[in-house]
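Student: One structure coming up, written as structure tokens, with questions to follow.
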Amino acid sequence: MDEGFRLSRRAALLGSIGLAGMSGLGLMAGLPRRALAAAGARPKHAMSPTQALNALLAGNARYVANRPGPVDFLPRRQLLATGQSPFAIILGCADSRVSPEFAFDQRPGDLFVLRVAGNYLTVDSLASMEYAVEFLGTPLILVLGHTSCGAISAAVDVATTNAALPGSLPALAKQIVPAVKQAQAKGAPGNRAALIRHATTENIRRTVEAIKTAGPLLSRYVEAGTLNVAGGLYDLNTGQVAVIGS
């Protein structure tokens, strides 16, 4: 992970959240935050990182087969009013066609979902992940990209044709262009469609690595083996999620 990325995000987090902000989050979740802090521990989730990933993939298989499990929302809402214990954090794209709760056939309270076009790591999403891992004990983070991503396509056009984007879009594309260049360096085909596919995968891998090495919190849990960070690619045509290796 680039050192500038690490330092700039840490400084922003300390300035924008602070201890008071984290205390508020702990109270909001109904957790004994002071007791946890005093013990220097986080709550242990019932699922291991491996079990959490398997649960996501099993849910995705039900979704692909169009056989979702039943959900009774009323008792679930009442239960969640007392607290939450999501087993997976999903960093997904903001694309309206990809809904993690549906794609993985999960109930309210199962997933801690963060979304931004291009599913790259931001200061806010990093802070949210740290909260879920530190105070909710969530054992898995999945970076979820998808085929035919508009943010990736825009970054490819910026990288290959120096395309001009309106508004704040250049700042978004700037975060993804390194993935495009990495795909090119690995010998991705020169045609636009192929480059978009390869850049999509590289963007997932880069984001996974950035999260794994994000200190001081997430990297510590990754090294301890109590947190897994994985990548997934959602196929818009089939709905299937393929795990992306490093």
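The values are calculated or read from the model by the stated rules, or taken from the named source; none is laboratory data. The model shown is predicted, which means the values in this text are computed figures rather than measured ones. Glycine gets a Cβ as well: all are built from the backbone with ideal geometry, and neighbour counts include every protein chain shown. Surface areas here come from the heavy atoms of the whole protein model, side chains and all, with no ligands, DNA or RNA. Shrake-Rupley method; radii C 1.70, N 1.55, O 1.52, S 1.80 Å.
Student: So how do 198, 146, 45 rank on accessible area, 1.4 Å probe, biggest first, that is with the largest at the start?
Tutor: Listed by decreasing accessible area, they come as 198, 45, 146.
Student: Right, something else. For the stretch 74-114, just the Cα atoms, rotate onto the principal axes and tell me the three extents in Å, largest first.
Tutor: Principal extents (largest minus smallest coordinate, Cα): 30, 18, 14 Å.
Student: In addition: Around residue 88, which amide H atoms from residues at least 5 apart in sequence, or from another chain, sit under 5 Å from its own amide H, with H modelled in the peptide plane?
Tutor: Those lying under 5 Å, H to H, from residue 88 are 112.
Student: Moving on to the next point. Based on C-alpha coordinates, I'd like the Rg and Dmax of the stretch 200-246, in Å.
Tutor: 12.4, 39
Student: Follow-up. Using only the Cα atoms of the stretch 88-246, build the gyration tensor, take square roots of its eigenvalues as a ≥ b ≥ c, and label the shape rounded, prolate or oblate: rounded if a/c is under 1.5, else prolate if a/b is larger than b/c, else oblate.
Tutor: Verdict is prolate for the stretch 88-246.
Student: Kindly sort 57, 79 by accessible area of their heavy atoms, largest first, with the probe set to 1.4 Å.
Tutor: 79, 57
Student: If you restrict to DSSP beta bridges whose two residues both lie in the stretch 73-229, what percentage is antiparallel, to the nearest 5?
Tutor: 0 percent
Student: Can you give me the % of accessible surface on the stretch 131-246 that is carbon or sulfur? Probe 1.4 Å, all protein chains present, nothing else counted.
Tutor: Roughly 52 percent, rounded to a whole number.
Student: For a protection proxy built on the mean count of beta-carbon atoms within 10 angstrom, sort 159-170, 200-211 highest first, please.
Tutor: 200-211, 159-170
Student: Tell me the label-point distance for the pair residue 78, residue 236, using the 7 Å Cα-to-Cβ offset, in nm and rounded to one decimal.
Tutor: Result for the modelled spin labels: 4.2 nm.
Student: Solvent-accessible area of residue 42, probe 1.4 Å, all protein chains present, reported in Å² to the nearest ten, please.
Tutor: 40 Å²
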